[in-house]
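A.B. asks: Dropping the structure in here first, questions after.
The values are calculated or read from the model by the stated rules, or taken from the named source; none is laboratory data. For clarity, every value in this text was computed on a predicted model and none was experimentally measured. Here the Cβ is made from the backbone with ideal geometry for all residues, glycine too, and neighbour counts use every protein chain on show. With ligands, DNA and RNA removed, areas are computed over all heavy atoms of the protein, side chains included. Shrake-Rupley method; radii C 1.70, N 1.55, O 1.52, S 1.80 Å.
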Amino acid sequence: MGQGVREERRDQTRRSLVLQSRQLFATRGYQAVGLAEIVSAAGVTKGALYHHFASKVELFQAVLTQVQQEVGDRVAAIADAQPDPWSRLTAGCQAFLTASADPEFQRIMLIDGPAVLGWHEWRALDEAASGRHLADALADLIAAGMIAPQPVAPLSHLLSGAMNEAALWLAGSTDPADLAATQAALSRLIDALRVS
């Protein structure tokens, strides 16, 4: 068997482990899923799992990274499609809340993510996946004079924190109207930043 074939099989095994774990974690949660169930669903051995991931936590981190990247990409695509900097900020923030309302994303990204990895690690992954886009959008608005001149980092963290807290609250909500109410509140919050 050639080197290329072995690498392709390793990549396929890793993809399968991440895919199957993601489905199981999303539907049942991290704590309810065992490694035996993951390897069975992926059609591999525990040895194959441990070849790619040192632990269940490391496998979960790979799943979470994938989910956060997808949310970040979705938000960036919606924001980047807007015609002006203000619309990019508002559309991106609203897209984040909408994506956060997806039950698969909620369970992995908002409920289990901080609990499994701890707040600091979860926050670092969140920052890597989407924090840069928010900071860039705010910097563009400050440069355009649409938001008062100020340091970007504190504003970015405050807005990100508000959206993450709202997303966490929505993850526990049972009222479908809460998403629209939260989006309306977010619009008012962002509009208050705009220079008249």
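A.B. asks: Working only within the stretch 98-120, note down all residues that are acidic (Asp, Glu) and open to solvent by 30 Å² or more (accessible area, probe 1.4 Å).
C.D. replies: Listed by number, the residues that qualify are ASP102, GLU104.
Listed here are the residues, each with its yes/no results for (1) of a type in the set (Phe, Trp, Tyr); (2) over 23 Å from PRO85 (Cβ atoms); (3) not in a helix (DSSP H, G or I).
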{"site": "HIS133", "(1), (2), (3)": "no, no, no"}
{"site": "ILE142", "(1), (2), (3)": "no, no, no"}
{"site": "LEU159", "(1), (2), (3)": "no, no, no"}
{"site": "ALA162", "(1), (2), (3)": "no, no, no"}
{"site": "ALA171", "(1), (2), (3)": "no, yes, no"}
{"site": "THR174", "(1), (2), (3)": "no, yes, yes"}
{"site": "ASP178", "(1), (2), (3)": "no, yes, no"}
{"site": "ALA185", "(1), (2), (3)": "no, no, no"}
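A.B. asks: I'm told ARG107 meets every condition in (1) in contact with a strand residue (DSSP E or B) (Cβ under 8 Å, 6 or more places away or on another chain); (2) closer than 19 Å to ALA171 by Cα; (3) not acidic (Asp, Glu) except one. Can you identify the failing condition by its number?
C.D. replies: (1)
A.B. asks: Taking PHE96, is it at pLDDT 95 or above, closer than 23 Å to GLU165 by Cβ and part of a helix (DSSP H, G or I)?
C.D. replies: no
A.B. asks: Taking the options ALA77, ALA95, ALA32, ALA129, name whichever one is open to solvent by 20 Å² or more (accessible area, probe 1.4 Å), aliphatic (A, V, I, L, M) and either touching an Asp or Glu at 6+ places or on another chain (Cβ under 9 Å) or closer than 20 Å to LEU159 by Cβ (or both).
C.D. replies: The unique qualifying residue is ALA77.
A.B. asks: Go through the stretch 63-82 residue by residue and tally those that are under 14 Å from ALA26 (Cα atoms) and touching a Phe, Trp or Tyr at 6+ places or on another chain (Cβ under 7 Å).
C.D. replies: The qualifying residues number 2.
A.B. asks: Can you name the condition, by its number, that ALA26 falls short on among (1) open to solvent by 80 Å² or more (accessible area, probe 1.4 Å); (2) in contact (Cβ under 8 Å) with a residue 60 or more places away in the chain?
C.D. replies: (1)
A.B. asks: Need the failing condition index for MET163 against (1) touching a Phe, Trp or Tyr at 6+ places or on another chain (Cβ under 9 Å); (2) modelled with pLDDT under 90, just the number.
C.D. replies: Condition (2) is where MET163 drops out.
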